[in-house]
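For reference, the structure discussed in these notes is given below.
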Amino acid sequence: MSEPQDAAALRAIKPVICYPPETLPAPNLELYAKAREGAEKIGEVTVPPREAASIDVPEGCFLKITSIEGPQVGDLNLFNSADLSERFYSGKTRALHGTHVTTGDRLWSNFPTLRPLATVTTDTLNWYGIDEFGGSVHDVIGTRCDPYTGRALGGRDYHHCCHSNLTRELAQAKGLSLEEAEAYVHDVLNVFMCTGFTRDTGQYFMKASPVRPGDYLELFAEIGLLAVMSACPGGDCGSEHSSDTAPCHPMLMEVFRPQTGTLSGWQSPAINPYDRSHGL
């Protein structure tokens, strides 16, 4: 079909940001930084390569996710530890903060609660920015590698993809059947993963993560959380995922509790105040 006469003018229209972040309630990063000083480690878990692990993060504590041996990305699910129906909403987080998150951005929960679950307080990879291909780190655009897409693409059943890893771990952590747990597994925060969209075709791409041992992403738990993370079978995601081909490494999740009184004035976010009448 031929272009209309005003095609160039239509393409030249300037974009409008849908959700200006200036109107969002801003996190008190200075308060969080002071609370982090002298915080006591109260838990840790190692996430094995091509497997998942989980850890509870009490309200007002910090979750630190660290690369410990080699370049590795992790697919992270976050749940309200007291109610699995409230969980991380990657789509709305993306709409509010962009395709990738870093220090100061918040991870939001699904409807109808829609509130900050966690705030990114430290990101040692924030130097990366956006590269010439449009790639950046810590994306909220990828869904997670899964066995269903693998089969749709003509592959074999592969059970150590992130969707299956998260399902098995959540089932074990909460005493659920696999069927019950799978219904709660959701689109992820791709920790350390370097991704973007191609300029010409708009396809989702991945490239080798710049993460090195010692790099970490730290989150402040705005409510009590259950963190479930899979060490992706793609390793640094520079070649392929959903197979045993790529070199993979463990990851570390640690929880730190601030000293009493260091969060003075902070309150856990209330659930979204919309009355849910939907016009009736």
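The values are calculated or read from the model by the stated rules, or taken from the named source; none is laboratory data. Not measured: the values here are computed from a predicted model. Here Cβ is always computed from backbone atoms with ideal geometry, including for glycine, and neighbour counts include all displayed protein chains. These accessible areas exclude ligands, DNA and RNA; they are computed on the full protein's heavy atoms, side chains included. Shrake-Rupley method; radii C 1.70, N 1.55, O 1.52, S 1.80 Å.
Take the conditions (1) within 20 Å of the chain's Cα centre (by Cα); (2) within 30 Å of Pro233 (Cα to Cα); (3) open to solvent by 50 Å² or more (accessible area, probe 1.4 Å); (4) of a type outside the set (Gly, Ala, Ser); Lys41 misses just one of them, which is (1). If you go through region 136-150 and keep only what is within 23 Å of Gly202 (Cα to Cα) and not charged (D, E, K, R), you end up with Ser136, Val137, His138, Val140, Ile141, Gly142, Thr143, Cys145, Tyr148, Thr149, Gly150.
For Thr66, state whether it is touching a residue at least 12 places away in the same chain (Cβ under 8 Å), hydroxyl-bearing (Ser, Thr, Tyr) and either part of a loop (DSSP other than H, G, I, E, B) or open to solvent by 60 Å² or more (accessible area, probe 1.4 Å) (or both). No: the conditions fail for Thr66. Annotation: Glu22 fulfils all but one of (1) assigned to a loop (DSSP other than H, G, I, E, B); (2) open to solvent by 20 Å² or more (accessible area, probe 1.4 Å); the unmet one is (1). Every listed requirement among (1) in contact with a helix residue (DSSP H, G or I) (Cβ under 8 Å, 6 or more places away or on another chain); (2) more than 25 Å from Thr113 (Cβ to Cβ); (3) not basic (Lys, Arg) is met by Pro250 save one, (1). Residues in region 72-84 that are surrounded by fewer than 22 Cβ atoms within 10 Å (Cβ to Cβ) and touching a residue at least 40 places away in the same chain (Cβ under 8 Å) were compared, and the one that is nearest to the chain's Cα centre (by Cα) is Asn80. Counting only helices (runs of 4 or more DSSP H) wholly contained in region 85-204, the ones carrying 3 or more residues that are touching a helix residue (DSSP H, G or I) at 6+ places or on another chain (Cβ under 8 Å), open to solvent by 10 Å² or more (accessible area, probe 1.4 Å) and modelled with pLDDT of 95 or more occupy 162-174, 178-182. Pick from Ser209, Ser277, Ser264, Ser243: which is part of a loop (DSSP other than H, G, I, E, B) and closer than 25 Å to Asp123 by Cβ? Testing whether each residue is part of a loop (DSSP other than H, G, I, E, B) and closer than 25 Å to Asp123 by Cβ leaves just Ser209.
Take region 246-261 and flag every residue that is in a loop (DSSP other than H, G, I, E, B) and more than 19 Å from Val191 (Cβ to Cβ).
Pro258, Gln259, Thr260, Gly261
The single condition from (1) in contact with a Lys or Arg (Cβ under 7 Å, 6 or more places away or on another chain); (2) under 28 Å from Asp200 (Cα atoms) that Leu153 fails is (1). Screening region 224-254 for residues that are open to solvent by 20 Å² or more (accessible area, probe 1.4 Å) and hydroxyl-bearing (Ser, Thr, Tyr) and picking the one that is farthest from Pro269 (Cα to Cα) gives Thr245. Given the condition at pLDDT 95 or above and in contact with a helix residue (DSSP H, G or I) (Cβ under 7 Å, 6 or more places away or on another chain), answer yes or no: does some residue in region 230-246 qualify? Looking through region 230-246, at least one residue is at pLDDT 95 or above and in contact with a helix residue (DSSP H, G or I) (Cβ under 7 Å, 6 or more places away or on another chain). Pairing residues of region 207-226 that are under 29 Å from Thr113 (Cα atoms) with residues that are of a type in the set (A, V, I, L, M, F, W, C) and part of a loop (DSSP other than H, G, I, E, B), at Cβ distances under 8 Å and at least 6 apart in sequence or on separate chains, gives Leu217/Leu125; Phe220/Cys61; Ala221/Cys61; Gly224/Ala82. Scanning region 26-54 for residues being within 16 Å of Val255 (Cβ to Cβ) and either assigned to a helix (DSSP H, G or I) or of a type in the set (A, V, I, L, M, F, W, C) (or both) gives a total of 8.
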